[in-house]
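Take a look at the structure below.
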Amino acid sequence: MFLQLLQTISTTYRFDTKLTKMKSYKYLLLLFFTTIFSLTANAQKYQFSGKVFDAEKNPLYYAVVNLKGTAIYDLTDEDGQYILQDIVPGKYTLYVTILGYQPIEKEIEITQDVIDWNFYLEESSLALDEVVVTAKVGQSKEGSTTYKIGSDAIQQVQPISVSDILQLIPGNEVTGSNLNSMAQANLRNAGDYTDLNAFGTAVIVDGNQLSNDGNMQADGNIETANKGIDLREISASNIESVEVISGVPSAKYGNITSGAIIINRKAGYTPYSFSFNSTPNSYQLGVNKGFKLKDGSFLNVDGDYTYSNSSLVSRKTYYQRINSGLRWTKELLKSLSWNNNLSLRYGLGFDGQRRDPDEVVVQGEFENRTHNVSFSTNGSLKVLGTTSYSLSGNYSHQYGYQSSINSGPFIVMESLEEGTYLTDYSPVVFYKTSESFGEPVNINGRIEAQQTFNTFGFRHNTSSGFEFSYDKNFGKGRVLEEGTNVVAAGAGTRDLNFYNVPASEVYSLYVQDDINLDKESANYLFRLGLRYDYMLKRYHLLSPRVSLSVKYFEKLRLRLAYGVSHRTPSMLQLYPGPKYFDLINLDAYAEDDLRRLAVVTTHIYQPTHEDLKPSKGTTLEGGFDWENKGFNLRVTGFYKEIENGITSIGKLMTFDKQVWDTLGIAGTNELIAIPTDSIVKVNKEFSNYENAVRLRTTGVELSAQFPKIKATNTTISLSGSYLKTYEKNERHDLWKSSRALRYGLYERPAYEKYICRSNITIAQHIPQIKLMVTLRTEINWLQKEEIVSYPSPYPIGYYNVDGTFIELSEDEKRSEEYANMERSSDYYKRSIPPTYFNFHIQIRKETKQGHNFSFYANNFLWYNPTYEGLEDSSGRRSIGYLNSRVTFGIGFNFKL
């Protein structure tokens with residue numbers, strides 16, 4: 001009922017576009033003038049000061065003291081001193097943190113100046129009574145529903161890449177590390193369009209948003225274009241925290257339709273740390289160190305090497321990753337609290353295969369290699385309230401290679417211009433080889449001003465900013481080996497340069513006002529945000545984002561949020577390159593070279609994609625939180641929709657082909673090719689990108705933390721989600737059966753796909769011996785799909801030999817004449833696996849010197865049930881397997 005209510009509200013508020021834009025512009029101006037007004041507000045303001053020490057009362061340098069949800073912060077000096085200034089009266093959450101120590105979070109109320117408020121931080125260790133090894137769900141300034149994963153939780157899962165960390169999100173499946181295929185973020189989705197969903201998920205590292213939009217490597221064994229960020233490439237060895245936004249994001253985040261992942265790397269002093277993680281088919285080595293320099297700044301250095309085989313029994317296909325980086329952190333000007341981070345990183349990702357010495361004939365080879373160099377800087381200073389900024393640049397050198405054996409002979413065609421050509425044949429056995437050279441460049445930047453002020457008893461935390469993003473590919477492009485490009489049945493490929501493709505640019509403005517009202521028994525937070533994006537040099541897009549939360553008696557919080565976002569198409573979607581249609585006029589193969597003739601006519605079609613639109617994401621969610629005596633419960637219901645999702649659609653073009661014939665030359669054995677008067681029609685199939693997909697996901701997420709059992713220091717938590725995704729490709733399906741000579745257009749099915757999964761986590765912590773054991777029971781309640789719009793097995797029409805579309809009446813569809821175009825209904829059926837369990841264990845032991853040893857085993861009970869699938873047309877049933885085999889890993893972390 002609650003999910004239906006959310007969906008009804010979302011449908012009801014589909015305003016007229018022009019009216020909505022008009023109101024949105026007025027709203028943007030209102031927030032702008034509110035921000036300007038804040039600079040002249042003269043409400044009474046106070047300061048809050050003190051010192052930060054460690055447990056042994058030594059002052060801590062460079063600790064961050066911040067009032068959460070505001071731009072008010074300070075960095076401690078050498079004496080541990082901090083001063084928070086210009087604080088308007090009200091209730092706040094004070095947050096104190098520094099690398100390597102347990103943060104402190106405290107509720108305070110400011111009604112006067114406060115001095116000598118000191119904090120004592122304890123060094124992070126399993127010796128502490130409170131250690132959190134699960135994702136903490138809540139609401140932050142980044143979004144309406146966020147999951148914060150701290151360093152203790154990250155260490156407990158023994159991650160090799162960021163994708164391993166995301167297994168802590170409620171409802172996600174626990175699997176072993178898989179580094180031999182692309183790793184994608186798949187937030188709040190139960191359907192099959194994971195590429196589209198991941199494409200709309202932003203990945204932000206140290207304040208800078210990563211981009212894969214300039215990637216045009218569409219050929220190869222592992223394709224990563226149009227699929228978002230490959231999470232394998234981000235090492236987990238130097239990550240301090242991860243925050244996942246699955247709800248409505250802050251207005252500062254754009255070019256997204258499906259949430260964001262915010263990654264913060266370590267910055268500050270740390271001892272030498274050497275890490276080693278290993279699974280049966282992979283291992284990872286890492287080292288990092290944070291130096292405190294003489295001028296008070298910090299230099300963090302890290303390196304990582306990872307290797308993985310695709311199989312336990314074969315080393316043929318493998319993956320390698322190298323990451324290294326420098327991060328310099330310094331307070332440039334104390335009077336302005338100007339804190340700046342400067343980062344330089346290098347990365348290598350390599351997918352490839354070895355030659356098997358026992359393989360007599362090599363069937364194929366591939367290689368995908370990416371070198372990446374990135375530079376970024378970000379920081380903040382107390383100007384115009386607090387001004388923050390970020391600027392980053394990324395350059396990648398991508399190389400793709402693919403070779404496969406073919407049995408010919410085939411007609412070779414390599415022309416880059418339209419015309420009719422006399423050509424030749426390939427060898428009887430040959431390797432078709434292609435290479436791809438990409439050099440994508442991304443530059444993005446942001447500047448933002450934040451203020452805090454009071455008006456009429458309301459506390460405002462406003463932010464306004466400008467953002468830009470630039471993507472361009474300067475690569476040589478796709479290069480085919482000469483003499484191996486043969487005529488294709490559909491659209492053929494040719495050499496293609498990337499450097500002539502226009503750049504993709506996005507310019508954005510945003511404003512947001514977080515309005516707080518504190519009452520004796522309740523706290524109100526009303527967030528108003530609006531984002532303007534200028535995409536593809538022609539689309540002016542507005543994204544309103546609003547949320548309301550009310551907390552009663554420090555126990556119950558009610559929440560409601562609504563937001564819109566947009567995602568620009570990638571460069572490959574906008575400029576996929578020309579389609580080459582090769583028509584064989586004459587195919588006269590002979591063993592004798594003098595009597596071997598082939599004539600081909602080439603037609604070229606250049607898709608412009610001028611009508612390709614940015615995708616649109618809409619999220620509506622509501623829920624409640626309950627906190628009382630150590631028990632925490634959070635329930636969220638949501639509705640999420642992605643419109644204008646981009647996918648490739650089958651198309652048909654028809655050409656006139658002139659038939660050629662051979663003519664012998666008198667007195668010789670030689671033949672020549674001559675045209676005839678015969679003209680025939682030829683249909684050629686190809687694919688084109690279109691805004692065709694609509695996804696609608698409704699769901700419920702639950703997270704519960706039970707009071708700690710103090711006698712045994714045991715914590716029990718429950719998390720889970722129920723997801724239902726409606727997915728529909730709104731274009732017709734072009735299809736030709738082996739029995740029919742005509743291409744038909746068919747309706748596509750609309751699916752509803754369900755996933756319901758929950759996890760019960762028992763964490764047994766023994767601080768006396770620095771031991772943490774977590775047992776996780778994963779319950780897969782439901783995984784099924786239903787056809788909510790069952791397509792007719794009959795075509796709505798067909799293309800005749802002239803390429804003209806002929807629509808069929810209901811009677812004609814079922815007539816004998818078109819019986820060979822009927823589509824089997826088995827094509828759409830899916831089997832439903834039963835409910836099953838999975839059991840996982842993670843153990844981490846810390847020594848007196850601070851070294852860590854860890855072990856995990858997924859599916860450690862070796863529980864592998866099977867189930868029978870549906871009968872096929874022959875009456876046979878397939879066997880489905882639930883759970884993978886037991887997977888395990890060990891890890892070591894040494895500190896010097």
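Tabulated values for the structure
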quantity: Long-range Cα-Cα pairs in region 206-289 (distance over 20 Å), rounded percent; calculated: 53
quantity: Positive-pole candidate from 713, 682, 702, dipole of region 662-721, charges at beta carbon; calculated: 713
quantity: Relative contact order of the chain, pairs being alpha-carbon contacts under 8 Å that are 6 or more residues apart, as %; calculated: 10
quantity: Heavy atoms of residue 735: accessible area, 1.4 Å probe, square angstrom to 10; calculated: 80
quantity: Net charge dipole size for region 719-846 [Lys, Arg +1 and Asp, Glu -1 on Cβ; Debye, nearest 20]; calculated: 1120
quantity: Accessible area of residue 769 in the full protein assembly, 1.4 Å probe (Å², nearest 10); calculated: 80
quantity: For residue 266, solvent-accessible area (1.4 Å; no DNA, RNA or ligand), Å²; calculated: 60
quantity: Cα lying deepest toward the dipole's positive end in the chain, options 789, 819, 654, charges on Cβ; calculated: 789
quantity: Principal-axis tilt of helix 17-38 within the chain, Cα atoms, nearest 10 degrees; calculated: 30
quantity: Accessible area in the full protein assembly, largest first, 1.4 Å probe, for 781, 328, 660; calculated: 781, 328, 660
quantity: Surrounding net charge for residue 440, when Lys and Arg each add one and Asp and Glu each subtract one, Cβ distance under 11 Å; calculated: -2
quantity: Stretchable slack from residue 417 to residue 489, in nm (0.36 nm times residue separation minus alpha-carbon distance); calculated: 24.0 nm
quantity: Neighbour net charge for residue 177 - beta-carbon separation under 12 angstrom, K R +1, D E -1; calculated: +1
quantity: Lys, Arg +1 and Asp, Glu -1 on Cβ, resulting dipole of the chain about Cα centre, debye, nearest 20; calculated: 2860
quantity: Computed log₁₀ I(q)/I(0) - Debye formula, equal Cα scatterers, no solvent, the chain, q 0.05 Å⁻¹; calculated: -0.33
quantity: Where 594, 67 fall by accessible area, highest first, once all protein chains stay in place (1.4 Å); calculated: 594, 67
quantity: Where Cα atoms sit under 29 Å apart: lysine pairs in region 629-736 separated by 8 or more or lying on different chains; calculated: 15
quantity: Accessible surface of the chain, 1.4 Å probe, proportion on carbon and sulfur as whole %; calculated: 55
quantity: Rounded Å value of the spacing that divides the Cα centres of region 292-321 and region 206-285; calculated: 14
quantity: Gap separating the Cα centres of region 773-800 and region 638-663, nearest whole Å; calculated: 25
quantity: The chain - accessible surface per residue (Å², probe 1.4 Å); calculated: 45
quantity: Proximal lysines to residue 294, defined as alpha-carbon separation beneath 21 angstrom and excluding residues fewer than eight positions away on the same chain; calculated: 266, 330, 334
quantity: Global geometry of region 169-228, whether rounded, prolate or oblate, following the gyration tensor of its Cα atoms and the 1.5 cut on a/c; calculated: oblate
quantity: Partners for residue 91 among aspartates and glutamates (Cα-Cα distance below 16 Å; same-chain residues under 8 apart left out); calculated: 105, 107, 109, 113, 514, 518, 520, 554
quantity: Full-extension gain in nm, residue 115 to residue 627, via 0.36 nm per residue minus C-alpha separation; calculated: 181.2 nm
quantity: The chain: angle of helix 2-12 to the longest principal axis, Cα-based, in degrees nearest 10; calculated: 70
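The values are calculated or read from the model by the stated rules, or taken from the named source; none is laboratory data. What you are looking at is a predicted structure, and each value in this text was computed from that prediction instead of being measured. With ideal geometry, Cβ positions are generated from the backbone for all residues, glycine too; neighbour counts draw on all protein chains shown. With ligands, DNA and RNA removed, areas are computed over all heavy atoms of the protein, side chains included. Shrake-Rupley method; radii C 1.70, N 1.55, O 1.52, S 1.80 Å.
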